[in-house]
Amino acid sequence: MNPSNFDPRQFRQALGAFTTGVTIVTTRGADGQDYGLTANSFNSVSIDPPMVLWSLNKDSSSAHAFTGSEHFAVHILATDQEHLSNRFAKRGTDKFADLTTTRGHDEIPLLDGCSARFQCRTTYQYEGGDHIILVGEVLAFDRFDSSPLVFHGGDYRRLLEPAVAVDQSVYGDNWLGFLLGRAYYQMQLPIRQQLKAMGMSDLDFELLGMLSFGEGKTLTELRRLFEFVGKDLRQEQLDTWVNKGLLSLETPVDGAQRIYFTDPGRQLTIEWLAFAKAAEMTALESLDYEEAQQLKLLIGRVIQHTGETLPAHWRKENIWQDNNLWQQPG
C-alpha cells in the first residue's frame, strides 16, 4: 500500500490497538537470518507521513541485525500470544522454530495472529543512552479483530478479564443479563441498608431512585419509568411522600401536574447520590482507571444497542434521556 493513499483514520485506529502493549519486532539480517525480539517501547510519531519508533538495547544480541537492516516489522501482540512474547524475550534460542511466517518488504518475517502489524523502512537511528532509537516510515499495516495483550505493573494483562468458566447454558450464571443484574443488586445492597437505617422502605428506595433521575416529571412519565423496570407506582406511596413534605405537586404553565422535590426531599436525594457514589467507588476498587472507563464504555454500547431494539413507544418517549442515561457515555 502506498503511504500517500493511507486513510489517516484507519491508520490511527491501527495505532490505537497499542495501549501500553507488548510488541515483537522482526527483521532479516545481512546474513540472511531472521531476527526478532520482544519490546514495549513502541510509539507512534506521525500520522502524515506515517511513522513509528521503538528503542533497542545496545547490548542486545540482535542489535547489529536491526541497525544494519533497512526494514523492520512491529507486531502488536494479541491476548493469546503471551507465549510468543516470552519466546522472543529469551536469549540464545531459535525464536522462529516451528513458527509459520510470511514475508514482507525486503523479506522481513511477518508473524500471524497479532492485533496489528506495521511494516517499516528504517529512516533514522538515534543514540538514546544505553538504547538505540529506530524511527521507521510505515510502508504497510494490518489491523486485525483481536484484543491487544497489555503489560502493566510487571505482569501481562488484558483489557477485560475473561469470564470465569461456568455453566454455559443460555440462562446460566454466565448470561450477560444475570451478570449485570447481580452487579446492580450487589451495588445497591449497601445503599438499601443505609436508607433502611434512616427509616425508609424498599418502596421508598425505588421512588427515590426514580425521581433522582430527574424531577419535574408528570405522574404518567413517572409511572412509565416504574413500568419500564417492572415495578408499579402506587398512589398511596406517592401521597405518603407528599404528606411527609418530601415532594410537591405543581402545575406549571403547560397545565400538566408535575412532581418536584421539596428542600427536605432534595437533601434526601443528595444523601442517596452520596451513598450511590460510595457504592460505585467500592465496586470499582479491583479495577484500575482505564479498566473502569472501558467497562463503562462497553456497558454503554450494550445500552445503546439494546435501546435501538425496544418497542416503538419506549424509543419514542426516550424516558431516560433527561440525564443522558440513554446515550453512550463519552
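The values are calculated or read from the model by the stated rules, or taken from the named source; none is laboratory data. Note that the coordinates shown come from a computational prediction; the quantities given were computed from them, not determined experimentally. Areas reflect the complete protein model, heavy atoms only, side chains present, ligands, DNA and RNA absent. Shrake-Rupley method; radii C 1.70, N 1.55, O 1.52, S 1.80 Å.
Some notes on this structure:
- For the residue pairs 196/244; 196/296; 217/277; 244/277; 196/217, alpha carbon separations beyond 21 Å are given by 196/296; 217/277; 244/277; 196/217.
- Heavy atoms of residue 296 accessible to a 1.4 Å probe, total area in Å² rounded to 10: 80 Å²
- Note that the stretch 41-55 has calculated 3J(HN,Hα) couplings of 9, 6, 8, 7, 10, 7, 8, 9, x, x, 9, 9, 9, 8, 10 Hz, one per residue in order, obtained from phi through the Karplus relation 6.51 cos²θ - 1.76 cosθ + 1.60 (θ = phi - 60°); glycine and proline are x.
- Note on the stretch 28-64 and the stretch 270-302: Cα centroid distance 39 Å, given to the nearest whole angstrom.
- Area accessible to solvent at residue 102, 1.4 Å probe radius, in Å²: 60 Å²
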